[in-house]
Structure formats: structure tokens, C-alpha cells
Amino acid sequence: MDQADKLRNIIKANQVAQQNTARVITVTSGKGGVGKSNVAINLAVQFKNAGKRVIIFDADFGLANIEVMFGAIPKHSLADLIYQGASIRDVITWGPMGIGFISGGSGIAGMGNLSRDHLDYLIRNLSELDTMSDVIIIDTAAGISEAVLEFLVASREILLVTTPEPTSITDSYSLLKALNLHSKFNKDETKVKVITNKVETTEEGKQLYSKLSAVVNRYLKMRMEFLGVVPYDNALVKAVMQQSPVSISNPQTKAAKAFTDIADTLMDIPHTETVYRRGMSGFFANILAGRKYS
């Protein structure tokens, strides 16, 4: 039995008692400054408003955007769970409205050196998230680093945030190209959904998606879906300065209403569409697959 088989057995053993797994949604972007973390946080608020239990996993190790926007400083990170014996409940920080978030810290970088005992402990704890949440939102770093790509190829539902800036459009394409070339990317099982942010009108957002989609379809043979538009809104900028999501501080604004519409679309999945759910332990199993463990 190779290491990948052992990993799969650990996942199966920890999921036997679980009838349901959380829906894992990964939010990403080709470059920084496009509002990716704002999208992640405000969608979390909207899911919470709809009665869902939500946890955000902050996988942007260089920038602590989630904790800054929530105005809540975490005492622990994933590294404490992996190396210090903390439990999953210890590393969850509870923000506004009872939305939890987990700081990845430097924990992910060292996962390739985990012993089998550490791996088993990690997976067992991550499996608990499926009993604690209905939706887990992964907020990746921006760009096309290997760490970002590993999170994306582990995902089955990716939200790509882009803006009308030419650099944002080209970097979005570069990210999709790198993803498409990755050996572990499953084009058939992965759904990429595009959010156009900071646009002046809905029509501008739709045209932006159409242009990006046309190029992606032609050169990458990838299918994408248009998820929605978030208009440029000064209220959102002020909310960031106040360290409070605009969906909480000013829910009647254009941006907040746009996040409501996008969340409603995500929750209103047609019966013919299947979201492939493996929960958080399955998500990390895909990241860890192929690595060597002692």
C-alpha cells in the first residue's frame, strides 16, 4: 500500500460516521487588489444571513486580510494544530455574527514533512469542520504561486474575482492557464465561476466576463460560468476602513445587495447540477496526495 492509499484510508475512516460534508468554496484572483477577500467575507455574511453555518479558511499566508477586515486577532493558527497539539476548535476565531475563521499561518508550508501520526491528527480534526459548518470558504493568496495552485486543484468549486483593469484580466487568464496545465487539475469535476468586481454597470461586468470567457474557451478549452457583478461602491471602501463587512455595516448599499444576489445564486443550485462535496478533510487530502510521509 503506497502513501496515497494510506491517505485515502485515513479520510474514509474519518468520514464513515459523517452523513454530510461541508460545501467548500475557494475564492481566488490572478492579482492582488481586486477585492478577493472582501468577496469571501461578504459572501460568508450572506450565507450566515440565510441560516448557514460558515467558516472562512484564510490561506493567504502573507497577508492577514480576513482578521483585519473582521477586526478580530486570532490567538492560534493551523500551525498550532499541526505542531502544538491544539484542537480544531482551538484554532477557530469567531468573528461578527458567529462566523468562524481559521488562520493558515505557516502550517501549510510544512505539511509535506508530516509523520503519519501528525497526518492522522490533522485529518481527524479537519473532519470535525464538517460537523461544525455547512459552508467553508477558502480565501487563497492572489497570483499563480504553487501554493495557490495546490489549493485550486484541490477545489471543486472556484470563484474567480476579476476587475476591468487590463492587468486583472490578463492575470486572471494567466491563472486559469496555469491551472489548466496542472497535472492534478480535473477539468470535468471543477466548476469555475467568475465574479466581476468594481464595475460601473451590470452590463460592463457581463461584457468583461464575455471577453475573458471567449479567450479561455478558445485557447484553454475551459468552461466557466458567470456568477455575478459587484459594482464599485464607496461604502465598501469605508467598510474596510471601519473593519466591518459592508453586508453588516451597510446592508442597503449597492455592493451589499450584489453580494446578496451572488450568495442567493450559489445557494440556488439547480437539481441537475452536482456540487462534488468531500468536506474539508477531503479537500486537504487532495492537496497532500502524492507527497511523502514518514
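Every read-out reported here was derived from the displayed coordinates using simple, explicitly stated rules and does not represent laboratory data. Just so it is clear, the structure is predicted and the values come from calculations on it, not from any experiment. Positions of Cβ are backbone-derived with ideal geometry, glycine not excepted, and every protein chain shown enters the neighbour counts.
Assorted remarks:
- Projecting label points 7 angstrom from Cα along Cα→Cβ for V68 and Q242 puts them 1.9 nm apart.
- Around K221: net Lys/Arg minus Asp/Glu count, Cβ-Cβ under 14 Å: +3
- Neighbour counts of other Cβ atoms within 10 Å put D268, D171, D120, D139 in the fewest-to-most order D268, D120, D171, D139.
- Principal axis box of segment 27-272, alpha-carbon based, largest edge first, Å: 51, 42, 37
- Short to long, the 5 Å bins of the Cα pair-distance histogram for segment 196-256 hold 4, 19, 21, 17, 13, 11, 9, 6, 1 percent of all pairs.
- Counting only DSSP beta bridges with both residues in segment 27-272, the antiparallel share comes to about 10 percent.
- Counting every other Cβ atom within 10 Å of each residue's Cβ, K48, K198 order from fewest to most as K48, K198.
- Shape category assigned to segment 119-260 from the gyration tensor of Cα positions, a/c cut at 1.5: oblate
- Per-residue Cβ neighbour rank within 10 angstrom, fewest leading, L220, L208: L220, L208
- A straight Cα-to-Cα reach below 16 Å connects K206 with the aspartates and glutamates E165, E225, D261, residues fewer than 8 places away in its own chain not being considered.
- Charged-residue dipole, Cβ positions (Lys, Arg, Asp, Glu), segment 41-192 about Cα centre, Debye nearest 20: 260
- Simple label model, 7 Å out from Cα along Cβ direction - K221 to N49, nm: 4.2
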